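The values are calculated or read from the model by the stated rules, or taken from the named source; none is laboratory data. What you see is a predicted model; the values in this text were computed from it and never measured. For neighbour counting, all protein chains shown are included, and Cβ atoms are generated from backbone atoms with ideal geometry for every residue, glycine included.
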Amino acid sequence: MAPISQERSRSRWRILDVVAAAVVTIGAIAYLADVLALRWGLNVAYISASYPGYLKAAWISVYVTTISYVLGMGIGFALGWVRSTQARPLVKVLAARRSEAASATAADGGRSDRLFLGTLMLYGFKYYVHRAADAYVAIIRGTPLLVQIVFVWSAVIVYFPRLDPLLQGLLSGIIALTANTGGYQSEIFRAGIHTVHSGQVEAARAMGLSRWGAMRYVVLPQAIRLVIPPLTNEYIGLLKASSLLIAVGSIAELTTYGRFEAFHTAHVFEAFALVSGIYLLITVPASKLIEWVERRFRVPGLGIQAPRTARV
Amino acid sequence: MIRVEDLEKHFGPLHVLRGISLEVQKGEVLVIIGPSGSGKSTLLRCINLLIEPDSGRVFLDGVQVNRRDIRPEWVRQQVGMVFQSFNLFAHLTALENVTLGPIRVLGNDPKVAEAEGRKLLARVGLADKWNVYPAQLSGGQQQRVAIARALAMNPKAMLFDEPTSALDPEYIREVLDVMAALARDGMTMIVVTHEMGFAGTVAKRILFMDAGRIIEEGSPEEIFQHPQQERTRTFVGKILR
């Protein structure tokens, strides 16, 4: 415990801190308002009259992003898990099997060869799933999202030419964003699962938990705490990335709507100031919320270190 | 209780176990000593099938358990294991660590498991630490929780893999005391350790391993005072200083 006088002077500094921060923030806002509304002549009347349309467009952005994010989480978790395991190519499995068979004694005849084929297929399957997942992530991470969106969109137009353009756009937008975030989230999950110490899995298996049980009760609860921050960043990133759906044009998401308004009403600055402001209004509270969630579910010794005080 | 016959294990080009056979009676304490890399840990992990042996047989209560038609999980439920690095589940409190197995593996009622868990924590002298996370416990306390966690599964036998090697000297005593009490209560134990005091007083039989083979086997006195093999003599000399 610090002496009281020290404690008091510290709180005095804290108040000064807050005051200084408030002055700087208010000053900055006043200056910005001055520049935007007065010197540039930002049309406040336009903004106050038409912001509901922007909010509706923002809702579509959030909607598309959230659906893609949740679907992508399924893909990401599955791929992440597969890619966090070890898989050996068939040739090596066969070689190991051969040396094992050579050293096995006659008394070991209980192991039948009919199981052999099953094992072989399982190992081979696992290995190729592993490699396919690697390839998928390499493709997703190695090509621009804009290209992926246009690619999917063209495919949708070719295969569903009769579909309503709005549906075409929505469908291709969701498919492209899902595929994209799935690839990135698989990297997050792979890293999270990998970071959980291997001794934890060993201890879980040693008490008789199955592979899935160890994942469900030991690895995941720890991994989730580790992946919450990067997963949140992924959501915020995806929301911003959803602005690339402007290339599709038929979805009235926020950026597309902003461009439409800008070109049709000539309020270019107002439109993009509003668009930027709304993105900020979503992303900043989202990251604040997640900081709170992180604190709430923090466990001593896991992830960010908590103060070492007993909870008893 | 536990019998091992002609166990062989390779890790790639490494021949880790070269024909190990041993037997442990019910209620017996077997101590395994040997230099690092001699295959002691691998042997323990082959017994509860955390590692699948290349060949050879493992028997539990007279039943061969390393067969394809026996689930390794079923074996592991009955053989508890305590690790060198504790491996307590970092996101769970001491009590939750102890009750996870009974609730999730055995399907016991959580209330019952919790009552049992508190009793076990009291047995290892940590009744007041039930709501504390592993990171807030000392090494010795963590290892005692780990022992309680293994006991919660009501195992037929316990495997200890160098349970005191990662501990600061001042915490070794408390863990060894818990283990000695377990042995007195008639638990079947296989202990890999270099604690000669423990080996001498608690174990009936000591087994010296080197390079994947059992070099020598005997009572504590035979191994420590009158080792027959040259390698045993060298190793014991180094340990006893």
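On inspection, B:D210 passes the criterion of being acidic (D, E) and crowded, with 18+ Cβ neighbours inside 10 Å.
Considering the conditions (1) surrounded by 17 or more Cβ atoms within 10 Å (Cβ to Cβ); (2) under 19 Å from A:V35 (Cα atoms), A:I278 is excluded by exactly one of them, (2). For a quick check of your reading of the model, give me the residue pairs whose first member lies in the stretch A:171-183 and is free of Cβ contacts under 8 Å to residues at least 24 places away in the same chain, whose second is assigned to a helix (DSSP H, G or I), with beta-carbon atoms closer than 6 Å and at least 6 apart or on different chains. Partner pairs satisfying both residue conditions: A:L171/A:V156; A:I175/A:V152.
Of everything in the stretch B:156-167 that is closer than 14 Å to B:S85 by Cβ and surrounded by fewer than 18 Cβ atoms within 10 Å (Cβ to Cβ), the residue that is nearest to the other protein chains (Cβ to nearest Cβ) is B:A166. Are any of the residues in the stretch A:165-185 touching a Ser or Thr at 6+ places or on another chain (Cβ under 7 Å) and over 26 Å from A:V62 (Cβ atoms)? No, the stretch A:165-185 contains no residue that is touching a Ser or Thr at 6+ places or on another chain (Cβ under 7 Å) and over 26 Å from A:V62 (Cβ atoms). On the given criteria, is B:H15 part of a loop (DSSP other than H, G, I, E, B) and not hydrophobic (A, V, I, L, M, F, W, C)? For B:H15, the condition - part of a loop (DSSP other than H, G, I, E, B) and not hydrophobic (A, V, I, L, M, F, W, C) - is not met. A single member of A:F260, A:F269 is more than 14 Å from every other protein chain (Cβ to nearest Cβ), of a type in the set (A, V, I, L, M, F, W, C) and either surrounded by 17 or more Cβ atoms within 10 Å (Cβ to Cβ) or without any contact (Cβ under 8 Å) to a residue 60 or more places away in the chain (or both), and it is A:F260.
None of B:P35, B:P53 is in contact with an Asp or Glu (Cβ under 7 Å, 6 or more places away or on another chain), more than 8 Å from chain A (Cβ to nearest Cβ), over 28 Å from B:V236 (Cα atoms) and at pLDDT below 95 except B:P53.
In this entry, A:A266 passes the filter for residues that are at positive phi and among the aliphatic types (A, V, I, L, M). Residues in the stretch B:115-155 that are away from chain A (no Cβ under 13 Å) and assigned to a loop (DSSP other than H, G, I, E, B): B:V124, B:G125. Taking the listed residues B:S41, B:S21, the one that is at pLDDT 90 or above, assigned to a strand (DSSP E or B), surrounded by fewer than 21 Cβ atoms within 10 Å (Cβ to Cβ) and among the hydroxyl-bearing types (S, T, Y) is B:S21, with no other qualifying.
The residue list A:I188, A:I175, A:I193, A:I251 contains one member that is buried (at least 18 other Cβ atoms within 10 Å of the Cβ) and touching a Pro at 6+ places or on another chain (Cβ under 6 Å), which is A:I188.
Take the residues of the stretch B:50-89 that are without any contact (Cβ under 8 Å) to a residue 12 or more places away in the chain and of a type in the set (K, R): which is farthest from B:L17 (Cα to Cα)? Of everything passing the filter in the stretch B:50-89, B:R71 is farthest from B:L17 (Cα to Cα).
Scanning the stretch A:212-223 for residues that are at the interface with chain B (Cβ under 9 Å from one of its Cβ atoms) and either modelled with pLDDT under 90 or under 20 Å from the mean Cα position of the chain (by Cα) (or both) returns A:P221, A:Q222. Checking the structure you have, find out if any residue of the stretch A:170-185 is in a helix (DSSP H, G or I) and within 14 Å of chain B (Cβ to nearest Cβ). No; the residues of the stretch A:170-185 include none that is in a helix (DSSP H, G or I) and within 14 Å of chain B (Cβ to nearest Cβ). Do the conditions hold for B:R45, that is, is it of a type in the set (D, E, K, R), under 20 Å from the mean Cα position of the chain (by Cα), facing chain A (nearest Cβ under 10 Å) and under 22 Å from B:A166 (Cα atoms)? When the stated conditions are applied, B:R45 passes them.
Within the stretch B:51-103, the set of residues being among the β-branched types (V, I, T) and in contact with a Cys (Cβ under 8 Å, 6 or more places away or on another chain) comprises just one member, B:V58.
Screening the candidates B:E170, B:E217 for the property of being modelled with pLDDT under 95, more than 16 Å from the chain's Cα centre (by Cα), among the acidic types (D, E) and not in a helix (DSSP H, G or I) yields one hit, B:E217. Report yes if B:F89 is at the interface with chain A (Cβ under 8 Å from one of its Cβ atoms) and out of contact with any Pro (no Cβ under 7 Å at 6 or more places or on another chain), otherwise no. It is true that B:F89 is at the interface with chain A (Cβ under 8 Å from one of its Cβ atoms) and out of contact with any Pro (no Cβ under 7 Å at 6 or more places or on another chain).
Here B:I70 clears all of (1) among the aliphatic types (A, V, I, L, M); (2) at the interface with chain A (Cβ under 8 Å from one of its Cβ atoms); (3) surrounded by fewer than 16 Cβ atoms within 10 Å (Cβ to Cβ) except the condition numbered (2). Residue pairs whose Cβ atoms lie under 6 Å apart, separated by 6 or more positions or on different chains, with the first residue in the stretch A:289-310 and modelled with pLDDT under 65 and of a type in the set (G, A, S) and the second assigned to a loop (DSSP other than H, G, I, E, B) and surrounded by 11 or more Cβ atoms within 10 Å (Cβ to Cβ), are A:A306/A:R298; A:A306/A:P300.
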